[in-house]
Structures are given as C-alpha cells and as structure tokens.
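So that we are looking at the same thing, I have put the structure below in structure tokens.
Quick note: the coordinates plus some simple rules give every number you see, no bench work behind them. Model, not experiment: these values are computed from the prediction. All Cβ positions, even for glycine, are placed from backbone atoms using ideal geometry, and neighbour counts span all protein chains on display.
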Amino acid sequence: MKIGAITVGQSPRIDVTADIMGIFDGKAELLERGALDGLTLEQIAEFKPEEGDYVLVSRLKDGTSVTFAERYIIPRLACAIKELESQGVDLIMMFCTGKFPDTLASKVPLIYPCEVLDRMVPLLTAKSSIAVVTPSPLQIEQSKEKWSKIVKEVKVVSGTPYGDWEELKEAVRQLKDTEADLIVLDCIGFSREMKALFTSGTKKPVLLPRTLLARLVSELTDPGIPVRDA
C-alpha cells in the first residue's frame, strides 16, 4: 500500500517515522510532503501568529521547531494533498494533531489524528477527566477550549517535544499528582521515549498520537491470515 503523510512543518519527518514504520511491518510505502517545504527561515517568520490565530508548532528539516499561524499554510497543505494524490497514494495521514478547516479536501481518505483522538479519548476516561500536554504556552487556551467540549475536566500544561527535555520533565512534575484518568500528548512530535517519561513519572496511561495513528492505518495494510484449504 502506498501511504501519504503531510506535516505542517518540513518533510521528511524522520523523528516520526523512526517510531511508526515498524508498525507497518514493511507492508507500506510512505511518501511525505510538508507545508513549509522549500521555505527559508525568513519566509516562515512571516507566518508569526497574531492574537486570535490558531497556533501550530512543528519541526523543520534541520530538527529545530517553529511556531506559526495555521491560516498561512492552508493553501500549501492543499497543494501537498494534490501532489500526494498525483503520486497514487491510497490514503493520507496528517502528521499534526491540530484542527483544520473542512475546505481541505482529498480524493482519498485523509486521516486527522485530532479526529481519532476526539472520538477515542472519551472512551478511555471513566471520570471524563484528562490531562493534556501541548508544545507551546501559546496553545494552552486553545487546547483547553477544544478539550472542554469533549471531556468534563481538563488540565493543560506545555512542554515542547522539539527542545530541551527539562521542559518535559517540568510538565511531568506538574502532572505527577494529577487525578486525571489519562494523559494525552497532544502533538505528533512527542515520541515513544517521551511517552515513557510521562508514564513512569505520573503512573498514568498515556496516549501517543503518532503510534495511535499508525496502528489505525496499519489495519488497512494487514492482509490477515491466509484461509486454509478445506
């Protein structure tokens, strides 16, 4: 199966694929595109968020991170979708947990991690209480607004997956005594190693979007067990 993947940053997302390609067990070919591909730092700097903007954080090809407003990249995401369709992909994964407008359309299934999380998280919390880790302090309020529509209680802290691990350790300390049922690492940038940090530090179940997305999509690449001859 030929699978497309779009990042709101720059491709390839070797940090993500390092954690997920083993899940496909060699049964999928991955083609990647990025909304910021081909842009310079100066050009990306022009996408700086202003008050009221929906804020995104992502990774550049060199491993550094950038923060920008979603509105600037919607046309570029649409182009990335068309490019992947022209390459004959069977479906497209969005390597971002953010919300996107319905105007982004695809001729093949376009799978957003946020849509998967929105439906799955309520099933995994008996008390409808979660803790969320988001990359930037600029995203805390928009994260609270989103998750408050899905669960009754939500605590949001920030900690970037693209920088110093001290931020992540501080986020763990803030959540160490949380009474939430579940911790959601709400960014595709969080890794399996980071999940282990939160799991060991909080003793709570932790949901990791990149592997959740890959496991869902891998169901379509699994041919099943061959039928035995009668």
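Show that you can apply the helix-only estimate: for the chain, add -39,500 (n - 2.57) for every DSSP H stretch of four or more residues, divide by all residues, and state [θ] at 222 nm to the nearest 500.
Helix contribution divided over all residues of the chain: -9000 deg cm²/dmol.
Which GluC sites (Glu not before Pro) in the stretch 33-67 sit in a loop by DSSP (not H, G, I, E or B) and have at most 14 other Cβ atoms within 10 Å of their own Cβ? Before the final figure, lay out the partial values.
Numbers: sites: Glu42, Glu46, Glu50, Glu51; in loops: Glu46, Glu50, Glu51.
In loop regions of the stretch 33-67 (DSSP not H, G, I, E or B), the sparsely surrounded GluC sites (Glu not before Pro) are Glu46, Glu50, Glu51.
Of the DSSP beta bridges with both residues in the chain, give the percent that are antiparallel, rounding to the nearest 5.
The answer is about 15 percent antiparallel.
Expressed as a rounded percentage, what relative contact order does the chain have, with Cα pairs under 8 Å and six or more residues apart?
20 percent.
Oh, and also: Among Phe100, Val116, Gly163, pick out the residue whose Cα is farthest towards the positive end of the charge dipole of the chain, where Lys and Arg carry +1 and Asp and Glu carry -1 on C-beta, about the Cα centre.
Value: Val116.
Determine the distance separating the Cα centre of the stretch 123-144 from the Cα centre of the stretch 1-45; give it in Å without decimals.
Rounded to whole Å, the Cα centres lie 25 Å apart.
I would also like to ask the following. So, how do all the Cα-to-Cα distances of the stretch 115-208 break down into 5 Å bins, in percent, from 0 on up?
It works out to 3, 15, 29, 28, 19, 6, 1, in whole percents.
Give the cross-link partners of Lys107 among the lysines, using a straight C-alpha distance below 29 Å as the criterion and excluding same-chain residues fewer than 8 apart.
Answer for Lys107, where 29 Å is the Cα cut-off: Lys2, Lys27, Lys61, Lys82, Lys99, Lys146, listed by chain and number.
Springs between alpha-carbon pairs under 10 angstrom, Gaussian network model over the chain: which of Phe68, Phe24, Phe190 fluctuates most?
Of Phe68, Phe24, Phe190, the Gaussian network model singles out Phe24 as fluctuating most.
Using a 10 Å cut-off on Cβ atoms, rank the peptides 26-32, 110-116, 99-105 from the highest mean neighbour count down.
Top of the packing list down: 110-116, 26-32, 99-105.
For the stretch 161-172, take each phi angle, set θ = phi - 60°, evaluate the Karplus expression 6.51 cos²θ - 1.76 cosθ + 1.60, and give the result in whole Hz per residue in order, putting x for glycine and proline.
The phi angles translate into x, 10, x, 5, 5, 4, 4, 5, 5, 5, 5, 4 Hz.
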